[in-house]
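The values are calculated or read from the model by the stated rules, or taken from the named source; none is laboratory data. Note that this is a predicted model, so its numbers are computed, not measured. Cβ: placed from backbone, ideal geometry, glycine included. Neighbour counts: every protein chain shown. Remember, those area values only see protein heavy atoms, side chains included, never the ligands or the DNA or RNA. Shrake-Rupley method; radii C 1.70, N 1.55, O 1.52, S 1.80 Å.
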Amino acid sequence: MTQVKDPVEPWKPVLDSRVDLRGLPLTPEEGFVASRLDGMTDLHGLSVVTGLSPERVDAALQRLVSLGAVSPPDALDEGEPAETDEPAETDEPAETDEPAGAPRKLYETALHQLPAEERAARAKAAEEPELSALCFDPLPAVVHALLDNPRFGLPQARLVAAHHRPAAGLEALGARASLAADAGVRRALLRNPQLPAALLRRLHGGRRLLEQHKLVVSRDVPEQTRRVARELLRARFSTAEAEERVEVIVKTEGRCLASLAGLPVDGKTAALLCSRTYTSTLLVQNISRWAACPPALIAHLIKLELVRRSSPLKLALQRHPNAPAEPRR
């Protein structure tokens, strides 16, 4: 019986994305339960979607907890776990408003009223704290002057990336490879609502499909950035190697396919997908909704034990437009 703690919501287990389930000694039932964990479904809901009794679901969850694949209830934060990934640039935090408070105040009280030409002239030779304060100036000319200042470094670059808005200033910052390579600068740029699409393409266009998908689904960036990221993902998917295509489909459990609607795959990608063993119900569900799914992959999935035991999955695959004629009869 589910233990209810008022006012805390029931435990909604979620898999640790760093753990590879394929390397764990799981029974088929434990693997099946693991494939249904989404961080939004509690014990009762898992019992409903798996068709297993609450006791069997609980036993599988305890096993997953003991193996480190799922965090125990008391290890979770008060709120619901995040459903999406952060952008790849999370190893160095961007500057926050707290440390930026003093430089911002200095700019607003002592520098803002100065003529633009004087602010630009001072930016070229400024020292702290004036150096960081001028990072809040809205004029691209001041940013260009700051970039010419030998004292301008990563802390100031992160301030400009986070708080500057005109495209010309952000483009000038992104053009400095030594600064744009910093994870904190990139993260601040991605969060900036005025990040130019051209700069995003230059910074992120060559990254692996998996990293690009993380940006597409991130709640940490503005919608217009996610929109451009989807365009980048689709363009990159069309030219990527088959192995990289398979990687993003499998590791996202097919979630990426929603952003790739209408894009076909080549024979090698289809063959690699057909050669895999599937234990994730969510992955098979998302593939069954993929309009461009190769017929050979549909035929392969229909034969799986995972599918044969699930009438909804089997029916979804049989109804797919690319399903082989025989299974559809």
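Open to solvent by less than 40 Å² (accessible area, probe 1.4 Å), farther than 22 Å from L210 by Cα and among the charged types (D, E, K, R) - does that describe any residue in the stretch 29-38? For the stretch 29-38, residues open to solvent by less than 40 Å² (accessible area, probe 1.4 Å), farther than 22 Å from L210 by Cα and among the charged types (D, E, K, R): present.
Residue pairs, Cβ under 7 Å, 6 or more apart or interchain, first in the stretch 309-320 and on the phi < 0 side of the Ramachandran plot and touching a residue at least 12 places away in the same chain (Cβ under 8 Å), second in a helix (DSSP H, G or I) and open to solvent by 70 Å² or more (accessible area, probe 1.4 Å). List them. Short answer, once both residue conditions are applied: K314/R308; Q318/R328. Among residues of the stretch 196-207 that are under 19 Å from G169 (Cα atoms), those with a beta-carbon under 7 Å from a residue that is basic (K, R) and in a helix (DSSP H, G or I) at least six positions away or on a different chain give the pairs L203/R186. From A133, A125, A145, grab the single residue that is small (G, A, S), surrounded by fewer than 21 Cβ atoms within 10 Å (Cβ to Cβ) and without any contact (Cβ under 8 Å) to a residue 40 or more places away in the chain. Just one listed residue meets the conditions, A125. Annotation note: Cβ proximity below 7 Å between a residue of the stretch 49-61 that is closer than 12 Å to R36 by Cα and a residue that is of a type outside the set (A, V, I, L, M, F, W, C) (sequence gap 6+ or interchain) occurs for V49/R36; V49/T41; T50/R36; V57/S47; V57/T50; A60/E29; A60/E30; L61/P13. Just one of (1) farther than 21 Å from T277 by Cβ; (2) at pLDDT below 85 trips up A59, so point out which. Here A59 meets the rest and fails (2). Identify all residues within the stretch 301-329 that are more than 24 Å from L37 (Cα to Cα) and crowded, with 18+ Cβ neighbours inside 10 Å; write none if there are none. Scanning the stretch 301-329 gives H320, A323. Residue count for the stretch 246-264 satisfying the condition of being surrounded by fewer than 21 Cβ atoms within 10 Å (Cβ to Cβ), of a type outside the set (D, E) and assigned to a loop (DSSP other than H, G, I, E, B): 4.
Only a single item in (1) open to solvent by less than 60 Å² (accessible area, probe 1.4 Å); (2) in a loop (DSSP other than H, G, I, E, B); (3) under 16 Å from Q194 (Cα atoms) is not met by F152, and it is number (3).
Among the residues of the stretch 206-245, those that are of a type in the set (S, T, N, Q), within 20 Å of R187 (Cβ to Cβ) and in a helix (DSSP H, G or I) comprise Q212, Q224, T225.
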